[in-house]
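Before any comments, here is the structure.
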Amino acid sequence: MKRIRTIAALIGAVVVGLPLLAASQQPDIGKEMDVGKREYDANCAVCHGPKGKGDGPNAGLGGVPPADLATLAQRNGGWFPFARVYQFIDGRRLVKAHGSREMPVWGLGYRAEAAEYYAQAPANAEAHVRSRILALTEYVYRLGPK
């Protein structure tokens, strides 16, 4: 029951937050924006690699090799651990390779950016943060086998 409520809350955040996120970005005219891919390319690919295999240019520089994100479902009995990945990105779960809570916990960085952006325009900054994390989590899911 708790898992269902967590997933329902995450889906609700996407429904509320994705329009806010899309409105705050300036996509190329005529191109559909893939928020999750953009977040991944900007924040994750440097260590996890472009296909999530853990082979990015900075892989292992922190002393611990990055996880192969493309095989998460396979390594979890065929189920993609959506809530766990969301929590890793948000920073509620410690990931040894990511170091301390300060670096890189994307949820904190997203909150700081949203606070700056939404200081001038009234909106739900937390929904904006959740939508970015959800988009990134969904993109990590797409890195797995089709």
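Below are the figures for this structure:
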| read-out | value |
| --- | --- |
| Check on Val64, modelled with pLDDT of 70 or more, of a type in the set (Val, Ile, Thr) and open to solvent by 40 Å² or more (accessible area, probe 1.4 Å) | yes |
| Any chance Leu18 is open to solvent by 40 Å² or more (accessible area, probe 1.4 Å), among the aliphatic types (A, V, I, L, M) and either modelled with pLDDT under 80 or in contact with an Asp or Glu (Cβ under 9 Å, 6 or more places away or on another chain) (or both) | yes |
| Criterion (at pLDDT 95 or above and of a type outside the set (Ser, Thr, Tyr)) met by exactly one of Arg142, Arg111 | Arg142 |
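The values are calculated or read from the model by the stated rules, or taken from the named source; none is laboratory data. Quick caveat, the model's predicted, so the values are computed rather than measured. No Cβ is skipped: glycine too gets one built from the backbone with ideal geometry, and neighbour counts run over all protein chains shown. We work out accessible area using only protein heavy atoms, side chains counted, and drop any ligands, DNA or RNA first. Shrake-Rupley method; radii C 1.70, N 1.55, O 1.52, S 1.80 Å.
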